[in-house]
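Visitor: Can you keep this structure in mind? I'll have questions shortly.
The values are calculated or read from the model by the stated rules, or taken from the named source; none is laboratory data. In this text, all values refer to a predicted model and were calculated from it rather than measured experimentally. Cβ placement follows ideal geometry from the backbone for every residue including glycine, while neighbour counts extend to all protein chains displayed. These area figures cover heavy atoms from the full protein model, side chains too; ligands, DNA and RNA do not enter into them. Shrake-Rupley method; radii C 1.70, N 1.55, O 1.52, S 1.80 Å.
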Amino acid sequence: MRNYSFKPNPRFHGEGPLFLGLELEIVVPDDIHDAAVELATDRLAGLGYLKRDSSIQPGGFELVSHPMSYRYALDRFPWALLGQLDDLGCDTNAGVGLHVHASRAGFASPAHVFRWMKLLYRNESEVTRLARRQSRYAPFDRLARSRVKDTAKNHIHALGLDRYQAINPYPRHTLELRVFASSLDVGRVQAALAFTAASIDYTRALRIPDVRAGAWEWSRFAAWVDTHPTYLPLSEQLRELELACAC
């Protein structure tokens, strides 16, 4: 178990340029703490690590992965671990979150970052429903929205924000999507990774005529996801939450 401030050199898994990092906050009762740590450390086998996090109440740890491509994450992350932790007695609650880091190097340009952020901010209601929570630690803040251009250009000195935003711009090499509720349900965690990857993929090639034609509308994005089977975990959650395209 590492201290909260622990920052190892990243070990990249899969093929880039886009890599995703998972941070999953988990509630762990005291009487199973040691068993949960041993189980998670063994199953992660170097793909990730555990950190102490005093913000998790009544107690627990944060499971942090090293950077993975989306495909590598689906295929190689030890997903059975989530059910095993659940069976052991671990849990999640309204106070814990799931954060996904997306590598800035996975974006084509600052303009691509801008398009991605605008898609999320323009669809706050749908993103919040998909995330299954509203949190004061991950708000869609108006000031942050007004500073999207500075975030896209990595002009951190100009932001004047704290890191507790829907999209935290401050990690040096990543953008941190903080909106999701934590979960030990494999489908929901995979959907968080899928949404991050899919929204970046979708906005990569958007141009001004596409935007003028409605490309930033949720229905257009949902329809696009439905035609890309690689994002099936997201498609399934969109259908469950009645967020899928009704085309």
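Visitor: Determine if the stretch 74-88 includes at least one residue that is within 20 Å of F180 (Cα to Cα), in a strand (DSSP E or B) and either under 17 Å from the mean Cα position of the chain (by Cα) or of a type in the set (F, W, Y) (or both).
Guide: no
Visitor: Moving on to the next point. Name every residue in the stretch 159-197 that is modelled with pLDDT of 95 or more and hydroxyl-bearing (S, T, Y), in order of residue number.
Guide: Scanning the stretch 159-197 gives T174, S182, S183, T196.
Visitor: Moving on to the next point. Which pairs have Cβ atoms under 9 Å, sit 6 or more apart or on different chains, and link a residue in the stretch 204-220 that is more than 15 Å from R122 (Cα to Cα) to one that is at pLDDT below 95 and open to solvent by 90 Å² or more (accessible area, probe 1.4 Å)?
Guide: Close Cβ pairs satisfying both conditions: none exist.
Visitor: For the stretch 212-247, how many residues are outside any loop (DSSP other than H, G, I, E, B) and open to solvent by less than 40 Å² (accessible area, probe 1.4 Å)?
Guide: Residues in the stretch 212-247 being outside any loop (DSSP other than H, G, I, E, B) and open to solvent by less than 40 Å² (accessible area, probe 1.4 Å): 11 in total.
Visitor: Within the bounds of the stretch 148-158, is there any residue that is at pLDDT 95 or above and open to solvent by 10 Å² or more (accessible area, probe 1.4 Å)?
Guide: no
Visitor: Sticking with this one: On the basis of being crowded, with 21+ Cβ neighbours inside 10 Å and within 23 Å of S69 (Cα to Cα), does L206 make the cut?
Guide: no
Visitor: For the stretch 142-171, name all the residues that are over 18 Å from the mean Cα position of the chain (by Cα) and part of a loop (DSSP other than H, G, I, E, B).
Guide: Those that are over 18 Å from the mean Cα position of the chain (by Cα) and part of a loop (DSSP other than H, G, I, E, B): R147, K153, N154, H155, L159, G160, L161, D162.
Visitor: Are there any pairs with C-beta distances below 6 angstrom linking a residue in the stretch 89-118 that is of a type in the set (K, R) to a residue that is crowded, with 21+ Cβ neighbours inside 10 Å, with the two at least 6 apart or on different chains, and if so which?
Guide: R115/T203
Visitor: Can you name the residue in the stretch 1-10 that is part of a loop (DSSP other than H, G, I, E, B) and over 18 Å from the mean Cα position of the chain (by Cα) and is also farthest from V96 (Cα to Cα) among such residues?
Guide: Restricting to residues being part of a loop (DSSP other than H, G, I, E, B) and over 18 Å from the mean Cα position of the chain (by Cα), the top hit is N9.
Visitor: Right, here's the next one. Counting just the residues of the stretch 89-100 that are part of a loop (DSSP other than H, G, I, E, B) and not hydrophobic (A, V, I, L, M, F, W, C), which one comes out nearest to V179 (Cα to Cα)?
Guide: Ranking the candidates gives G95 first.
Visitor: Okay, moving on. Give the number of residues within the stretch 14-47 that are outside any helix (DSSP H, G or I) and over 22 Å from the mean Cα position of the chain (by Cα).
Guide: Number satisfying all stated conditions: 1.
Visitor: Say we look at the stretch 182-211 and pick out the residues that are in contact with a helix residue (DSSP H, G or I) (Cβ under 8 Å, 6 or more places away or on another chain) and assigned to a loop (DSSP other than H, G, I, E, B); which of these is farthest from L232 (Cα to Cα)?
Guide: Ranking the candidates gives L206 first.
Visitor: Let me ask something else about it. Kindly indicate whether any position in the stretch 101-110 is assigned to a strand (DSSP E or B), under 19 Å from F180 (Cβ atoms) and open to solvent by less than 20 Å² (accessible area, probe 1.4 Å).
Guide: Yes.
Visitor: Related question: Which ones in the stretch 48-61 are open to solvent by less than 70 Å² (accessible area, probe 1.4 Å) and part of a strand (DSSP E or B)?
Guide: G48, Y49, L50, K51, G60, F61, listed by residue number.
Visitor: For S135, indicate whether it is at pLDDT 95 or above and either under 25 Å from N93 (Cα atoms) or part of a helix (DSSP H, G or I) (or both).
Guide: No, not satisfied.
Visitor: Any chance the stretch 62-76 includes a residue that's open to solvent by 20 Å² or more (accessible area, probe 1.4 Å), of a type in the set (A, V, I, L, M, F, W, C), more than 22 Å from F6 (Cβ to Cβ) and at pLDDT below 95?
Guide: Looking through the stretch 62-76, none of the residues is open to solvent by 20 Å² or more (accessible area, probe 1.4 Å), of a type in the set (A, V, I, L, M, F, W, C), more than 22 Å from F6 (Cβ to Cβ) and at pLDDT below 95.
Visitor: Can you name the residue in the stretch 120-147 that is touching a Gly at 6+ places or on another chain (Cβ under 8 Å) and under 11 Å from I167 (Cβ atoms) and is also surrounded by the fewest Cβ atoms within 10 Å (Cβ to Cβ) among such residues?
Guide: For the stretch 120-147, the residue satisfying everything is R147.
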